[in-house]
Amino acid sequence: MSNVLPIIEELCDCETDAQRADWLLRVPAGVIYRDCATIRRVLMEAQFRCGLDALDVEFAAINATRLPDGGLPQTVVLAVQAARSFLREIVRKGGAT
């Protein structure tokens, strides 16, 4: 995939769901926002369903309306925490899901 940025190429080069989960945990939010469609395509091709779910949660959080104090609604925070926890568990196990 030479027509994508190097950071997306790293995702394309992942061979396991654990590697893809690790990538999703580390990638900057700006990359998720900018390249969401490309990331989605890569995760779909890899059949990494929980990665797709996590991507949706992260993208929703990036676009969520913030509270008057600048924070995110608790429902958004909890969804992000749950998705990241699940990804961390995949990384910890080191295998495919």
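Give me a count of the residues in the stretch 67-82 that are open to solvent by less than 40 Å² (accessible area, probe 1.4 Å) and either touching a Leu at 6+ places or on another chain (Cβ under 9 Å) or among the polar types (S, T, N, Q) (or both).
Here the count works out to 2.
Going through the stretch 5-35 one residue at a time, which ones are of a type in the set (Gly, Ala, Ser) and surrounded by fewer than 19 Cβ atoms within 10 Å (Cβ to Cβ)?
Within the stretch 5-35, Ala29, Gly30 qualify.
Taking the condition more than 9 Å from the chain's Cα centre (by Cα) and assigned to a helix (DSSP H, G or I), does Gln81 pass?
So Gln81 passes the test.
Yes or no: the stretch 36-45 includes at least one residue that is open to solvent by 70 Å² or more (accessible area, probe 1.4 Å) and of a type in the set (Ser, Thr, Tyr).
no
Quick one: Gly70 ticks every box in (1) assigned to a helix (DSSP H, G or I); (2) on the phi > 0 side of the Ramachandran plot except a single one, so which number is it?
Of everything listed in (1) assigned to a helix (DSSP H, G or I); (2) on the phi > 0 side of the Ramachandran plot, Gly70 misses just condition (1).
Could you list, in sequence order, all residues of the stretch 83-93 that are exposed (fewer than 12 other Cβ atoms within 10 Å of the Cβ) and closer than 11 Å to Leu25 by Cα?
Passing the criteria: only Ser85.
With respect to Phe59, is the statement that it is surrounded by 15 or more Cβ atoms within 10 Å (Cβ to Cβ) and either in contact with a Phe, Trp or Tyr (Cβ under 6 Å, 6 or more places away or on another chain) or more than 16 Å from Ala29 (Cα to Cα) (or both) true?
It is false that Phe59 is surrounded by 15 or more Cβ atoms within 10 Å (Cβ to Cβ) and either in contact with a Phe, Trp or Tyr (Cβ under 6 Å, 6 or more places away or on another chain) or more than 16 Å from Ala29 (Cα to Cα) (or both).
The values are calculated or read from the model by the stated rules, or taken from the named source; none is laboratory data. Bear in mind the structure is a predicted one, so any value in this text is a computation, not a measurement. Glycine gets a Cβ as well: all are built from the backbone with ideal geometry, and neighbour counts include every protein chain shown. Surface areas here come from the heavy atoms of the whole protein model, side chains and all, with no ligands, DNA or RNA. Shrake-Rupley method; radii C 1.70, N 1.55, O 1.52, S 1.80 Å.
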